[in-house]
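What follows is calculated from the coordinates using simple rules that are stated; it is not laboratory data. Computed from a predicted structure; not experimentally measured. Note: ideal-geometry Cβ built from the backbone for every residue, glycine included; neighbour counts use all protein chains shown.
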């Protein structure tokens, strides 16, 4: 893609009266967007329990008169704004779930213009921006070429394992590109995906009294052998590849041979091959620890169970891909300085791994404290993030009589 072509398209967009009307509307819609953000924040959406928030989004999208508004079997919610034809189909979403468990107080408190609440930024701000975008498109009635699917996905956080975006793309074969509205700082662009595998490893044995049954293999001893060996693994700095034993549990008493012990393990890499190689080493260690504990006591009673509960694919695309260049130019056209940040694990990982152009694009305003009870959001000038996303979408799907689509139809 020729950078000058991208620049020319965004110049054409900014010269369009309809586009300028939409941008102006987004600014006037700012207070309404923040109010909606507060309302949605106060609808809890803990992992795997996003349904109430999803039903709320379903109603809002229907009220905005999108077509084919639906909730799929996985719990994703989305609707379509049809184009005039001849352009690519683009999916634009924010994630519905938060990291906070059921029962967390999500009431929003305002101090000095700053909003405080768990989940107020990640990714409730993304949902609020999405709804403002739909209103702007409806208000200005821009005649864009490609179809836009607006929606909210489930399962982006933690053990959700990207289940929502995986289900969506497995069911929707006609989508040509993807934008995830997520993360602080409207000038940030994530175009590379960090992959991860997550495991629960459980050792099980006969257990027994520490004195009376001495000589039986111990689940906690096997676990210790495994952790010690994992800690000695060596990984590459480039591509960045990491590991950690996150949680450990087991045993019943100080004077008991443990009958069961377990750990959760997180493996990550920016490269698919490195991630799989690390996983192979890890699995060898886990089994060897079981074998060593049995051998120590001349036994075969200890066993190991391995459950993989996370698989987020590593993914990459060129920094000069059309969707990346368009993201940068949308930011520049509003006076910003685009920053291609390092790889991360977001909803964009999955479509990117399928060869579908995808980016995760930061929201407007400022935010901090994500994944903590002290999470905060500063809405000052937050509308700029929404304006950026409107320009980016139009640049990708094309506008009748104004600009061609930068995104290719697959």
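Descriptive notes on the structure:
- Of 144, 221, 95, the residue with the greatest mean-square motion in the GNM of the chain, using alpha carbon springs below 10 Å, is 221.
- Shape category assigned to the stretch 66-109 from the gyration tensor of Cα positions, a/c cut at 1.5: prolate
- Approximating the spin labels as points 7 Å out from Cα along Cα→Cβ, the residue 256-to-residue 213 distance works out to 0.9 nm.
- Note on 191, 197: ascending count of other Cβ atoms within 10 Å places them as 197, 191, the fewest first.
- Cα gyration tensor shape for the stretch 195-312, rounded if a/c is under 1.5, else prolate or oblate: prolate
- Projected label points at residue 248 and residue 52, each 7 Å from Cα along the beta carbon direction, are separated by 3.8 nanometres.
- On Cα atoms only, tilt of 272-296 relative to the major axis of the chain in degrees: 20 degrees
- Reciprocal of mean inverse Cα separation for the chain (Kirkwood radius, Å): 22.9 Å
- Principal-axis tilt of helix 322-332 within the chain, Cα atoms, nearest 10 degrees: 60 degrees
- Exposure proxy for 84, 360, 28: other Cβ atoms within 10 Å of each Cβ, ordered fewest to most, give 28, 84, 360.
- Cα shape, the stretch 95-167, gyration tensor, a/c 1.5 rule: oblate
- Subtracting the Cα-Cα distance of residue 35 and residue 291 from 0.36 nm times their residue separation leaves 86.3 nm of extension gain.
- The simple spin-label model puts a point 7 Å past each Cα toward its Cβ; for residue 104 and residue 64 those points are separated by 2.4 nm.
- GNM flexibility winner over the chain from 234, 14, 312 (Cα, springs under 10 Å): 234
- Remark: 297, 186 ranked as 297, 186, counting other beta-carbon atoms within 10 Å and listing the fewest first.
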